[in-house]
Amino acid sequence: MTKSNLKTTLNSIKMVRELTKILNENDLSQIKIEEGDIKIVLSRKSQSLSNGFQDEKSKIQENTESLNTKINKKTIEDINDLSSQLDAVKSPMVGTAYTRPSPDADPFVKVNDKVKEGDTIILIEAMKTFNSITASKSGTIRKIIIENAQPVEFGDPLFIIE
């Protein structure tokens, strides 16, 4: 490398450093310079695009959470409407509802089963005590609203008996 080429190379390196500094200080995404045979193009990934993506992702997550909340509220409203229209068996306590007497046993009742008033239809565990919940009237199980081992609150609808 001749002295002239070395000087040109060192000047080019200094120019690239200065241009990089300008690029970063002014939040630019690209700089192009052409001078005779020399062409310099400096570019960097745009932070605003990345931030824009994150902003959009956050908006989508917020909308999804909002939609899920609306769906859950609608489902709860539908269940409450259904339980108020029909004679629902409601939880008399807070606890964990079990639809079967043991994990490997058949459920106490299934949809379309006939029950008599006083038949055990579910167990609710509260403070390590299993409480038998019985049918409040004779009829047919039309809907099972809860799932096995699901937590329940006082007044939650459990079954619909017609």
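Only the coordinates and a few stated rules stand behind these numbers; no lab work does. Being a predicted model, the structure only gives us computed values, none of them experimental. Methodologically, a virtual Cβ is constructed for each residue, glycine included, from the backbone with ideal geometry; neighbour enumeration extends over all protein chains shown.
Residues in region 85-133 that are hydroxyl-bearing (S, T, Y) and more than 16 Å from I161 (Cα to Cα): T96, Y98, S102, T129, S132. Look at region 92-113: where a residue is surrounded by 14 or more Cβ atoms within 10 Å (Cβ to Cβ) and a partner is of a type in the set (D, E), sitting 6+ places away or on another chain with Cβ atoms under 7 Å, you get V94/E153; G95/E125; T96/E125; Y98/E125; R100/D106.
Taken as a whole, the condition of being over 32 Å from the mean Cα position of the chain (by Cα) and aromatic (F, W, Y) does not apply to F159.
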